[in-house]
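Report on one structure; see the data block that follows.
Rule-based calculations on the coordinates, nothing more; no lab input. Here the structure is a predicted model, which is why all the values come from computation and not from measurement. Here the Cβ is made from the backbone with ideal geometry for all residues, glycine too, and neighbour counts use every protein chain on show.
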Ligand code: C5P
């Protein structure tokens, strides 16, 4: 089955406070997105990246959309040969080959989707807008959801065919697949698979990537 990587990298990265888009901020010596591309290229036959305006386009570099899931839809449309789609945010540079392979294997085993996830370490409460706690959730069955998110490509294509408002409200692709009736499983990720959103994440990622690269 043709395994294709889909990397949304078109975000502006305002929360990071960098000059340019967050995926292209230099971290441990290279642009953030390059760390993920290196790992994905070991597992995927091809990797299509959704980039922000101003970045050179090409067959594997397409202009991203206004929201994340739109960027995923555009990049997936550029890979009609994909049978398994490995969606991974450029903002998670500490991806490991083993995590990608375990998610791909779960889809080969019959799941429509398999998502990297961390068991919830904190207690989770639901609160009203005024701060009043409404309830405490049972964390033993709660997972914090990350990327990679791997899908049967035909299932993901169908799930992404929704109105723009639904795409904009989706915080991950698996929720769209679930809403379309797809069966999705969680795959436990290593603790370092963090998302670079704020400056503190960038500093942590820099340390971990330098440690990994031995420099
Ligand atoms: O911050 P957010 O969760 O939206 O970003 C997750 C990933 O989605 C980042 O890698 C970012 O570059 C990407 N993104 C995108 N297109 C957008 C918004 C975010 O590719 N319009």
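Here are a few things to note about the model shown:
- The calculated FRET efficiency for residue 108 paired with residue 144, based on their beta-carbon distance and R0 = 25 Å, is about 0.50.
- Cβ crowding within 10 Å ranks 211, 122, 172 as 122, 211, 172, fewest other Cβ atoms first.
- Taking all C-alpha pairs of the chain, those more than 29 Å from each other amount to 24 percent.
- With both labels modelled 7 Å from their Cα along Cα-to-Cβ, the residue 30 to residue 192 distance reads 1.5 nm.
- For the residues 129, 31, 163, a GNM of the chain with alpha-carbon springs under 10 Å puts the largest fluctuation on 129.
- Percentage relative contact order, the stretch 1-160, counting C-alpha pairs under 8 Å, at least six apart: 24
- Sorting 136, 96 by the number of Cβ atoms found within 10 Å of their own Cβ, with the fewest placed first, yields 136, 96.
- Ellipticity estimate at 222 nm from DSSP helix runs (n ≥ 4, -39,500 (n - 2.57)) divided over the chain, nearest 500: -9500 deg cm²/dmol
- Listed from fewest to most Cβ neighbours within 10 Å, the set 27, 185, 103, 215 follows the order 215, 185, 27, 103.
- Residue 161-residue 83 pseudo-label distance in nm [points 7 Å out on the Cα-to-Cβ vector]: 2.1
- Three-way shape call for the stretch 90-144 based on the alpha-carbon gyration tensor, with the a/c threshold at 1.5: prolate
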